[in-house]
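Reviewing the structure listed below.
The values are calculated or read from the model by the stated rules, or taken from the named source; none is laboratory data. Just so it is clear, the model here is predicted, and its values are computed rather than measured. Virtual Cβ from ideal backbone geometry, glycine too; neighbours counted across all protein chains shown. The area values use the complete protein model at the heavy-atom level, side chains included, leaving out ligands, DNA and RNA. Shrake-Rupley method; radii C 1.70, N 1.55, O 1.52, S 1.80 Å.
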Amino acid sequence: MHTRRESTMKWTLLAGCLLLLVASTAQAQFLPAPAPPPESEKGEVKDGYQIHQSIEFGGYISDFDGNESLWDTFVNQHTGPRLLGFTLDMHSVDHSNLLFDELHSASFGYGGDPNNWTRLRVSKSRIYDFSASFRRNRNYWDYNLLANPLNPPTSVPNDPVEVSPHRFQVVRRMTDLNLTILPQSKIRFRLGYSRNVSEGPSNWTIHEGTETVLDQFWRNGLDTYRAGVDFQFIPRTTFSYDQFWSFYKGDIYWVDTNHQFELSPGVASDLGIVFNTGANQPCAPPVIVGGFTAPACNQYLDYARFQKPRGEYPVEQFSFQSNYWKPVDLSGRFSYSSSDGDVPFDSGAGWGEFYDGFTSRSRTRIQTTTGPTRARRVNANADLGLTWHITDKLNFVDSFRWTNFRIPGNWQELQSTLFAANAATTPNTFDPLTCPGVPATCPQHNANSGADVIVADRNRFLGQQITMNTVELEYAPWRQFGGSLGYRYRHRDIDVREFDLYTLTFFPTLPNRGACAGQPLNPDGSCSVLTFNGTGATNVVPSFTGLEPESEKTEINEHSLLFGLWFRPARSFTARYDMEWMYADNVFTRISPRQLQQVRLRVNWEPAQWANVSASINIRENRNNVETVENKQHNHAYNLGVTVMPRDAWSLDFGYSYQDIFSATNICFVATPVPPGTLTCGAPFLEDVSFYSQKVQFFSFGAMWRPIKRVTTQVGYTGTFARGDTLILNPIAPLGPLDYRYHLPVAGIRVELAPRWSVAGGWNYYGYNEKGEVGPTVPRDFKGNVGTLGVRYAF
């Protein structure tokens, strides 16, 4: 027989569990934090637990104008009711309860917000500690910056693109579970599980003949299992062993549904999204009498591609931390993984591509590509850290890191292509009985037609080994002053290899097509060419003996001088200065630095217990100033923050940051015709300096005031102001986010109507405005208001 108290406790726990699954609070919305709860809201003691809960209902009123896609990309908040928040806290008064001593849960975002989150933590002293969290993010992205840079209004037809061809709407769900058994004992056991799933529709473009938009449907999942144990059988020393198992599963599909025209009655056609008929894109004219597409125009009749990658990633890790010898702190970690990933092709699963359309350049009419692919990643990492406290004033610090990974991969490709004179013609398949004797029945090639059949064995290898060691000497002659001097050495060996073997078969007519010249033909009139790494052709299948893969090995040595100072004249004031000078004798990419200088200065001052001032400067300069590259980069950041809270009744905070980003690199780009007297990298390539420059200022201000005990008010403002420029090769492309203003003022009030009850109201304004030229795209500006109303009950 249950007592009334037991029944009440049971329903309280049940209500808490149900609310844990559905409760929420507003993401990115302004609701002032409530004041510390009065005595009447501090919960009750039931069944040995101090219990406190709160729940808040409300909703949003949203009103905006301008670019709706940008509003959803940046804000994505719309009118509707919400469950704004829920919390549950249970604390055992005397630790005599059987199941748990502490239970804490919180949730926000459910009921329509783009971001949801739930957290739960339960523990029993000396027995277990369990935590769980769930997050769901809805990411809408449609930033139409370069969607329509090539469609001038003079094109016939003129088809402006008003949405980004690369937009997406993705839902990401993340679950994390962690359990520690015997958390305070000398042997601890740890278990964990994580699941990360992303799915949703998106758009992508493919360029073959014309630029067409594909609908992309995908679902990627990663499941990770963790198990570990900690040992403390030596004084002041902990050894840990962890095992991780990760399983990846991807399902991705691409389909062309952008058929806005017809090739002939009942035959849907996609001309793509680029319409510049003055430049014959996709052709001129693309639409003929009757409103049908021209048969000789670049177009898609059907396209589909699917990809189902799978992967397994086991990882073993051993680590330790020790202060067994009191003057010495030691820590280390070693991990090893050997993972496999593949995209099989078995009964429609794995990878495949099908194209039905017409590409005028090569007369490609139908093309299928299939073949399994697989890769393996072997990765090993080691870290070792040592701090030797030589004296109370002098420390020696050594940090060593070693990383080695290698990724061999293989793709066995099979591609078959059919050719025809135009999109309305049924392509001929090769038949040695009628071809080349009757040319009309042969495949309709032209001089740019590729091979009819490609059988390829593509092999890739990427490996890198990094050895890095950092030594520093720290000296503090006085409590108010100290410094450090150090040296870092990093050595990198990067190995890139390619081994490709192609068998290319060319059917008549035009059997040579520039590839079979000098090679004997097969009895049926075709020719088969064996190509190794894309160079050298022979029709004799060779032995692999003596064939070496193309290999590019890069060795890089980096040397860095480290220097630091810290100054603390009083407990309320601290300043630290750090500097690094780095030189490298080689680089792997054009924008990797051969010289690097970085300076950091951080200051923190507490003039009183209720005031804090912090400031920082971070200056980084990169250069790779070798001939033909001349890369220069810098990133300068300055930050200032002030917080004042002399009493619980009011507070102020202020923040300001300024960032200056710049990059310049020599590049080559195609220009036809080449202007006379210009620098070239070999016609039709021009030489110029590609630069990127942007200066961004961020300002924030917030104030809280409680005029009376039961009323809390807050106001605030954040603003981002960016000015920038870059090399734009297309004269009608806009600057977009290089030059914009974004204003975000907020205000809110919370009133405690009665014990346990309070109401709140908030206002957010969003104003985004780009200052540069809009270009041919739809303006991306928007402005809007979001009002929030909530009622909170604490019990």
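Cross-link reach is defined here as a Cα-Cα straight distance under 14 Å, omitting same-chain residues fewer than 8 places apart; for LYS709 the aspartates and glutamates meeting it are GLU39, ASP648, GLU752. Projecting the Cα atoms of PRO779, ASN604, TRP141 onto the charge dipole of the chain (Cβ charges, centred on the Cα centre) puts ASN604 farthest toward the positive pole.
Annotation: extensible slack from VAL328 through LEU640 equals 108.6 nm (criterion: 0.36 nm per residue apart, minus Cα-Cα distance).
Region 242-320 and region 608-668 have Cα centres lying 42 Å from one another.
Largest accessible area first, the residues TYR313, TYR49 order themselves as TYR313, TYR49 under a 1.4 Å probe with ligands, DNA and RNA left out.
For region 617-715, averaging the sequence separation of C-alpha pairs within contact (under 8 Å, six or more residues apart) and dividing by the residue count gives a relative contact order of 25 percent. The portion of the accessible surface of the chain made up by carbon and sulfur, rounded to a whole percent, is 60 (1.4 Å probe; DNA, RNA and ligands excluded). Highest average first, the peptides 777-783, 284-290 ordered by how many other beta carbon atoms sit within 10 Å of their residues are 777-783, 284-290.
Binning all Cα-Cα separations of region 113-235 at 10 Å, short to long from zero, yields these whole-percent fractions: 11, 25, 20, 16, 12, 9, 5, 2, 0. Rounded to the nearest 0.05, the FRET efficiency derived from the C-beta distance between GLU621 and LEU679 at R0 = 25 Å is 0.40.
Note on P(r) over Cα pairs in 10 Å bins from 0, in percent: of the candidates (i) 2, 11, 16, 19, 17, 12, 9, 7, 5, 1, 0; (ii) 2, 8, 13, 20, 23, 16, 10, 6, 2, 0, 0; (iii) 3, 13, 24, 26, 19, 10, 4, 1, 0, 0, the value calculated from this structure sits at (ii). The string of couplings for region 415-430 from the Karplus curve (6.51, -1.76, 1.60, θ = phi - 60°) is 10, 10, 10, 10, 10, 7, 6, 7, 5, 8, 9, 6, x, 8, 8, 6 Hz, one whole number per residue in order, with x for Gly and Pro.
Could you work out the relative contact order of region 329-443? I mean the mean sequence separation of Cα pairs under 8 Å and 6+ apart, divided by the number of residues, in percent.
26 percent
Using only Cα coordinates, the Kirkwood hydrodynamic radius of region 565-668 works out to 16.4 Å. Placing unit charges on each Cβ (+1 for Lys and Arg, -1 for Asp and Glu) gives region 606-752 a dipole about its Cα centre, and among LEU729, GLN659, GLN633 the Cα reaching farthest toward its positive end belongs to GLN659.
Once each part is reduced to its C-alpha centroid, what is the distance from region 330-400 to region 434-507 in angstrom? Centre-to-centre (Cα) distance: 12 Å.
Any idea of the accessible area per residue across the chain, 1.4 Å probe, to the nearest Å²?
Working: 41670 Å² over 795 residues.
About 52 Å² of surface per residue is accessible.
Phi-derived couplings, Karplus 6.51 cos²θ - 1.76 cosθ + 1.60 at θ = phi - 60°, listed residue by residue for region 697-702: 10, 10, 10, 9, 8, x Hz, with x used for Gly and Pro.
Pairs from the table (LYS632/LYS695; LYS632/LYS783; LYS124/LYS326) lying more than 27 angstrom apart at Cα are LYS632/LYS783; LYS124/LYS326. About its Cα centre, the chain has a charge dipole of approximately 2940 debye under the convention of +1 per Lys or Arg Cβ and -1 per Asp or Glu Cβ, with nothing else charged. Whole-Hz Karplus values for region 334-344 come out as 9, 9, 9, 9, 9, 10, 10, x, 8, 10, x Hz, taken residue by residue from phi with 6.51 cos²θ - 1.76 cosθ + 1.60 and θ = phi - 60°; glycine and proline positions read x. Amide H to amide H distances under 5 Å link ASN258 with no residue, where only residues 5 or more positions off or on other chains count and H is placed in the peptide plane.
At a threshold of 8 angstrom on Cα-Cα distance, excluding pairs fewer than six apart, so keeping six or more, what relative contact order does the chain reach in percent? Present the calculation step by step, with values, prior to reporting the outcome.
Details: 2245 pairs, mean separation 73.8, N = 795.
Computed value for the chain: 9 percent relative contact order.
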